[in-house]
Amino acid sequence: MEVKKSPKADLEGKKTTWLLVGFVIVLAVMFVAFEWTERDKKIDTSMALVDIEFEDELIPITEQQEKIEVPPPPEVPQAAEVLDIVDDQADIEETIIASTEETGQAVEIKTIAPIVEEEVVDEQEIFDIVEHMPEFPGGQAALMAYLSKNIKYPTIAQENGVQGRVIVQFVVNKDGSIVDARVARSVDPYLDKEALRVINSMPKWKAGMQRGKPVRVLYTCPVMFRLQ
């Protein structure tokens, strides 16, 4: 005899229905979870405010020092003037000053010449600037012509292509002679040596003058070396 199930007891027919109900419940839970925000939370602010205590700033008490007045020093008493009383019976010579109108004598006026102290010039002193500077015979143009004519360009300097301006300082004596020549600005040892040779071989200059007297003067002269 074959056993047959009742349609109400057959669970296979309700499987699809329960599956859909399960999906609905899961979707409802997910919807509630997504809709839950931070706005739904309640914050307890009962303990948020705390009494703030302000400390009173302590202001230091400054005491003003009393100034002690120092009494001024006592005044020194001045020495009393002593009056010398002359006796009425004493003989006193009386000085009589007569004018030129009464005597008729001419007034003589004496002229006192002012004393002029002359400046003592040290013979060995070397001046930088004087009233009349030393001068080469014939002037500055003659000096340049003399240098260009007598300079012999060193061969080594020519081969190396060295050129420039050598500054030479020297002293012009009271007799116009040239002494103590030295290189103030160097360019090349060979050019410096040639510049000193030409300066020391110059003829005597016209000496510098200070207050009408010849003096020793320091003079600066450039010596130009230029390749052609």
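The values are calculated or read from the model by the stated rules, or taken from the named source; none is laboratory data. What you see is a predicted model, and the numbers here were worked out from it, not measured in a lab. Note: ideal-geometry Cβ built from the backbone for every residue, glycine included; neighbour counts use all protein chains shown.
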query = Does region 140-150 contain at least one residue that is within 29 Å of PRO189 (Cα to Cα), touching a Ser or Thr at 6+ places or on another chain (Cβ under 9 Å) and without any contact (Cβ under 8 Å) to a residue 60 or more places away in the chain?
reply = yes
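Filter region 184-220 down to the residues that are in a helix (DSSP H, G or I) and of a type outside the set (S, T, N, Q) and list them by number. Full working, then the answer.
Going residue by residue through region 184-220, those that are in a helix (DSSP H, G or I) are 189-200.
Scanning region 184-220 gives PRO189, TYR190, LEU191, ASP192, LYS193, GLU194, ALA195, LEU196, ARG197, VAL198, ILE199.
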ask   = Quick one: is ILE167 out of contact with any helix residue (DSSP H, G or I) (no Cβ under 7 Å at 6 or more places or on another chain), closer than 18 Å to VAL217 by Cβ and assigned to a helix (DSSP H, G or I)?
value = no
ask   = Does TYR146 fit the bill of being in a loop (DSSP other than H, G, I, E, B), aromatic (Phe, Trp, Tyr) and at pLDDT 90 or above?
value = no
key: Check on PRO134, in contact with a strand residue (DSSP E or B) (Cβ under 9 Å, 6 or more places away or on another chain), under 30 Å from ARG211 (Cβ atoms) and at pLDDT 90 or above   = yes
request  = Name the single residue, out of those in region 202-225 being among the aromatic types (Phe, Trp, Tyr) and farther than 13 Å from ASP175 by Cβ, that is surrounded by the most Cβ atoms within 10 Å (Cβ to Cβ).
outcome  = PHE225
